Every structure is written in C-alpha cells, then in structure tokens.
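Have a look at the structure below, then the notes.
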Amino acid sequence: MSGTLTRTRVRPAGYSVVRIGARGRFLLHRRAAVVAAVLVVLLAAVCVAYLCVGESFVAPSEVVKVILGQPSQSELVVGTLRLPRMVVGLLVGTAFGFAGALIQTVARNPLASPDIIGISQGAGALTVGAMTFGVTSYTVLPYLSVIGGIAAAALVYVFAWRGGLHATRFVLIGIGFAIALRSVTTLFLTKGDYLVAQQAQIWMTGSLNGRGWSEVAPIGWTLLVLAPAVLWAARAQRTVSMDDDTATALGVRLGRVRLGLVALGVILASVATGTAGPVDFVALLAPQIARRMTRTAQIPLLCSALLGAVIVVFADLLARKLFSPTELPVGVLTAAVGAPYLIWLIIRGHGGRKGGKA
C-alpha cells in the first residue's frame, strides 16, 4: 500500500466548478445561476415597462435614446422624472433584498426581517424625529437612518442574548421593540409642525415619489463601498448555515461571523429605509421566494437582491398606474402582498419549528 494519500474533493450535488485563471475556482449552484439569469431578464423587462408607461406612453425606442444620451423629445419625462425614480427603486429593492437574506440567515427564521424585528422602525423613529426638527434633506436622512437602525438592532441583540441568541426570542423581542419604536414615531408626529408631519406620514408608508438623482448618491455609494463585504457574506453564509458544533470544529468563529452578517444587513436596511421610507415586507418576501425558486440550502444573496429590486420597481409601477392620476406610496402595494404572506408564515408555525440558537 502506498504511503502517499490522495485527497478527493467532494463536490456538492447541484454545483459546478467554475475556473478563473490557472488556480482560481469557485462553486456555482446551477439552478441558482439559471434563476438569477431569469430574474435579470425579468428585471430588465420591468424597467423598460416602468420607463415607457405613465400618464403618457413613451415608445421603447425613445427610452433607449434617452438612456444612451441621444437627443429625444421624451428627455423630460424619461430622463428627469422616471429614470432617477426607477434607479432609486432598484437600489432600495437591492438593499432590502440583501438585508433580509443576511438577517434571516443568522436568525434561521423567515420572520426575522428588518421591518418585523424593529430595525426599520428604529431607522424610521430617528428619521421622523429629525424631520420634526426641520431636517428634511433626503441626502442627510439615510445617514440618520443608519444610526437609528444600528441602535435598534443593538438593543434587540442585547435584550435577546441569554448565553446565546435564540431565534424565537430574538424575533419576539424584536417585535416588541418595533411596536415601542412605532409609538415613539407617532409621538414625534404629534409634536411636529403640521406640514412636516404630513411629509413624514407619506415617508413612513414608503414612497419613491419625488425621488431623484440626489437620493441615488447615498444608497448607491453605500452599496458600492459594501460590495466587498457582500462578497464575503456570500461565502460566510455557508458556515453560519451549519450547526454550531460542526462550524466550531472547523475553526469558524461563529460569534464574529454572525455579528458581521447582522451588522451588514442592518446598515443596508437602514440606508434603504432612509432613502425611500420603510417599504414594508420586501426584505421579508424576497429572500424566502428566492430560496424556494433556487432550492438551495442557504438563502441566495444575489437572487434575493434581484428579486427585491423586481418587487420594488414593479410595485411602484403599479402604484403610479392603478389609481392614476393619484399615486399610491409603493409601501402600500408591498404591504398588501406581504401582510397575507406574514400571516401564512405564522399559521404554518415556521418560527416555532426553527427556534434553535441563531
């Protein structure tokens, strides 16, 4: 018998090895790649429809001219009014999709969404408080939302920690903080100026109305700066999805990894909330639908982000057209779909069955 041992690499079922250069390679889930490609095509179709459809219809050829910077009679309608609003919707949906996937992965609970466990409410409370005292710039509000979201997440984490982070306790305490923070927001509304309170009420429903290129910059730069962290999170997800004993035996520092994933999710959710308001249930819906579409062991980050973008842009398109010329806030449409889904999750008892340590 030879003294040389041959190490055999076991490839998980459903994955293919993609090689980059001589030594670089990574595993690619085939079904997830197909789903991602389909979602990209679907998102492109929704974006074209968004730019074409409105109070006045714009031909797709004119839309292409505007996007390419060519002279067009539709420059005002497409380039000034619709395009920047659509880009904000894309970025907000992407951020919510990422955030929901990361937080649900750590909590191992489909109910652990930023808008359910108090993160969006914390971001919203500080933002509405700032608006009450005269801060109404949409270039400043996203940064205040990050502070509020991080503060709320820290409180939930501290109160939920009892020698470990139990998923069910984490969600229940988060719901309690969400209710309390909504009360704080209501208090700010009653104490503020009437016109500012009206503006804050519209913001609280989640709306893309009036959003332009100045709102694109904060969330766009945030996503760009956090791109390396998102790539790290896609890999770290695999270790967090293991049981604690296996991950610890492999030398994974679970506490640090989980804290990093949650912090990344909180920042993304808070910036998205500051940009468009708390667009409810996008972070809840997108990761779970993406997981069912891809049938992967862990929630797929890329598909969750793409699906979040599709949901927000399509919902805002419907919000503009359903009761035209009156525009509904996009959050009204997402809540109309998300609330029944939340009830369905609770009735099926997912949270109770997956209530292990997070």
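The values are calculated or read from the model by the stated rules, or taken from the named source; none is laboratory data. Model, not experiment: these values are computed from the prediction. Neighbour counts run over all protein chains shown; Cβ positions are idealised from the backbone, glycine included. In case anyone asks, the SASA skips ligands and DNA or RNA and just uses the protein heavy atoms, side chains included. Shrake-Rupley method; radii C 1.70, N 1.55, O 1.52, S 1.80 Å.
Every test in (1) polar (S, T, N, Q); (2) open to solvent by 10 Å² or more (accessible area, probe 1.4 Å); (3) modelled with pLDDT of 85 or more is passed by Ser120 save one, and that test is (2).
Checking each residue in region 165-183 for being of a type outside the set (A, V, I, L, M) and either touching a Lys or Arg at 6+ places or on another chain (Cβ under 9 Å) or not in a helix (DSSP H, G or I) (or both) picks out His166, Thr168, Arg169.
Among the residues of region 147-164 satisfying the criterion of being over 19 Å from Pro218 (Cα atoms), assigned to a helix (DSSP H, G or I) and of a type in the set (Gly, Ala, Ser), which is nearest to the chain's Cα centre (by Cα)?
Ala153
When Asp115 is tested against (1) in contact with a Pro (Cβ under 8 Å, 6 or more places away or on another chain); (2) open to solvent by less than 10 Å² (accessible area, probe 1.4 Å); (3) part of a loop (DSSP other than H, G, I, E, B), only condition (2) is not met.
Taken over region 52-110, the residue count meeting the criterion of being open to solvent by 20 Å² or more (accessible area, probe 1.4 Å), among the small types (Gly, Ala, Ser) and part of a helix (DSSP H, G or I) is 1.
Filter region 123-146 for residues that are assigned to a helix (DSSP H, G or I) and without any contact (Cβ under 8 Å) to a residue 60 or more places away in the chain; which is most open to solvent (accessible area, probe 1.4 Å)?
In this case the residue turns out to be Leu126.
Which ones in region 178-192 are surrounded by fewer than 21 Cβ atoms within 10 Å (Cβ to Cβ) and not β-branched (Val, Ile, Thr)? Ala180, Arg182, Ser183, Leu187, Leu189, Lys191, Gly192 - these are the residues of region 178-192 that are surrounded by fewer than 21 Cβ atoms within 10 Å (Cβ to Cβ) and not β-branched (Val, Ile, Thr). Residues of region 184-193 include at least one that is in a helix (DSSP H, G or I), in contact with a Gly (Cβ under 9 Å, 6 or more places away or on another chain), of a type in the set (A, V, I, L, M) and touching a residue at least 40 places away in the same chain (Cβ under 8 Å).
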